[in-house]
Amino acid sequence: MSQRSHLWIVVLALAGAAAGMLAGQWLQPRSRGGATYALVGTARADFERPDVAGQPHRIAEWDGRLVVLNFWASWCGPCRAEMPLLDRAAQRHAGQGLAVIGVAVDEAEATRDFLKDRPVGYPILVDDPQKSGDLSVTYGNNRSVLPYTVLIGRDGHILAQHFGSFSETLLEDWLKPHL
């Protein structure tokens, strides 16, 4: 083999190693700013956030139910597209103890304006990043992705996490083992 071929092999090996390291960093849970991330199997973090009317709610209000905790924002296209799916799931499985809770990672006014035109039947809490930080990080969103969804079991432990939006089928398959 020529020296040039050896050089290409070395360059490709280095590029592959760098790509592997970057992928590992992306996929590995990590902390940001000292925050620790919730992991599947751990107890859910307690929190209190206001609804769109400004009334405070604690996550403990839904203890004993299977909770879909969906982080979204009014400016997020995939979030907006996913909300009707979540609304239908909330209605379809309410009798099985399912509660869907939306957490708007947005300002209260923007959230209210959005919901005027596109209301949903499940509760929406407001997690204004300017006022309270980003609750999705506490719940494992180590990629800063929206929508981001966490499934909390009836016992308060995190059962599953999902980065990105759901299709109707994917959401039903995700919920089915826990209903």
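Couplings 3J(HN,Hα) of segment 144-157, computed from phi: 6, 9, 10, x, 9, 10, 10, 9, 10, x, 4, 8, x, 9 Hz, in residue order, whole Hz [Karplus 6.51 cos²θ - 1.76 cosθ + 1.60, θ = phi - 60°; x for Gly and Pro].
For Tyr139, the amide hydrogen comes within under 5 Å of the amide hydrogens of Ala38, counting only partners 5 or more places away or on other chains and with H modelled in the peptide plane. Rolling a 1.4 Å probe over the protein chains gives Phe114 an accessible area of about 10 Å². A full extension of the chain between Arg4 and Ser144 corresponds to an added length of 46.2 nm, given 0.36 nm per residue minus the alpha carbon distance. Rounded to the nearest Hz, the phi-derived 3J(HN,Hα) couplings of segment 131-140 under the Karplus curve 6.51 cos²θ - 1.76 cosθ + 1.60 (θ = phi - 60°) are 10, 10, x, 10, 4, 4, 5, 4, 8, x, where x marks glycine and proline. Using θ = phi - 60° in the Karplus curve 6.51 cos²θ - 1.76 cosθ + 1.60, the 3J(HN,Hα) couplings for segment 91-101 round to 6, 5, 10, 4, x, 9, x, 8, 10, 9, 10 Hz; x is entered for Gly and Pro. Proximity of backbone amide H atoms, modeled 1.01 Å from N, is registered between Asp128 and Asp106 at under 5 Å, excluding neighbours fewer than 5 places apart on the same chain. Near Ala99, the amide H atoms lying under 5 Å from its own belong to Leu66, Val67, Val68; only residues 5 or more places off or on other chains count, and H is placed 1.01 Å from N.
The values are calculated or read from the model by the stated rules, or taken from the named source; none is laboratory data. Note that the structure is a prediction, hence the values are computed from the model and not measured. Note: accessible area is taken over every heavy atom of the protein model, side chains too, but ligands, DNA and RNA are not part of it. Shrake-Rupley method; radii C 1.70, N 1.55, O 1.52, S 1.80 Å.
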